[in-house]
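The values are calculated or read from the model by the stated rules, or taken from the named source; none is laboratory data. Quantities reported herein were computed from a predicted structural model and do not represent experimental measurements. Ideal geometry is used to build each Cβ from the backbone, glycine not excepted, and the neighbour counts take in all protein chains shown.
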Amino acid sequence: MKKTTAQSRREFLKTSTLVATAFFIVPRYVLGRGYLAPSDRINLGFIGCGKQSAYLQNSFLKTNQIEFVGAADVFDAKRDRFIQGINVYNTLQGKEATNNCKPYHDFRELLERKDIDGVIIAVPDHWHAAVAVRACNAGKDVYCEKPLSLTVAEWFMPQENTIAFFKPAACNVPGKNLDKPLN
C-alpha cells in the first residue's frame, strides 16, 4: 500500500508564509542592478527655467537620486524647454521619456504640492529671497545659488524662516557643491 504524504493546513500556512516573507526581505541588489526604490528618490520642483536651469538640471539628474516633478516659470517657452530637456536626458540614458514634470505658470502652485520634497530656485537675483521664504514656509527643502538676497534685511528674513521651520537650505557657489552626491 502506498503511503500518501498529505500536507496539513498548518504546514501549508507555515510554508507559504515563509515564502511570502522571504520576498519582502530580499536585498535590493537581488532585484537588479540600478534598482532604486521610490522612497529613495527625491522629488524636486524647479522654479525659474532660464539660462542657469540647463546646467543645474543636468547636474542634479546625473546623481540618479532625484526626479523633477514640477517646473515653474512665467515664460512658457523656457518652462517647456526645461521639461523637454528632462525627456532628452532620460532618452540618452536609456530610460523612458516620461512626462512626470508638470508645468506651472505660478511657482506658488508648485509649492502647494505635498509630494515635492524640495525646490531648486533659479530665478533672477531679486526674487531669490521671496521665493526661498515661501518655499520654507511651504515646508520644502531649498537649493538656491548666490546671492540668497540683495540686501542685509532680506538675508536675515530667509535665515529666520529656515531656522523656524527646521528645513535645510543650501546657498551654493556655482560649481563647488554639485560634484558630490546629494546624500
- Message: If I ask for residues that are at pLDDT 90 or above, small (Gly, Ala, Ser) and closer than 21 Å to Arg113 by Cβ, which ones from segment 18-52 would you list?
- Response: Gly45, Gly48
- Counting only residues that are in contact with a helix residue (DSSP H, G or I) (Cβ under 6 Å, 6 or more places away or on another chain) and either modelled with pLDDT of 90 or more or crowded, with 18+ Cβ neighbours inside 10 Å (or both), which one in segment 139-151 is nearest to Gly45 (Cα to Cα)? Val142
- Message: Restricting to segment 84-104, count the residues that are touching a Phe, Trp or Tyr at 6+ places or on another chain (Cβ under 8 Å) and either outside any loop (DSSP other than H, G, I, E, B) or on the phi > 0 side of the Ramachandran plot (or both).
- Response: 1
- Item | Within segment 45-83, tally of residues that are part of a loop (DSSP other than H, G, I, E, B), in contact (Cβ under 8 Å) with a residue 60 or more places away in the chain and more than 22 Å from Gly139 (Cα to Cα) | 2
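Residues being among the charged types (D, E, K, R) and touching a helix residue (DSSP H, G or I) at 6+ places or on another chain (Cβ under 7 Å): count how many of those fall in segment 75-112.
Here the count works out to 2.
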- Note on the structure: Matching residues in segment 105-130 (modelled with pLDDT of 90 or more and either of a type in the set (A, V, I, L, M) or part of a strand (DSSP E or B) (or both)) number 9
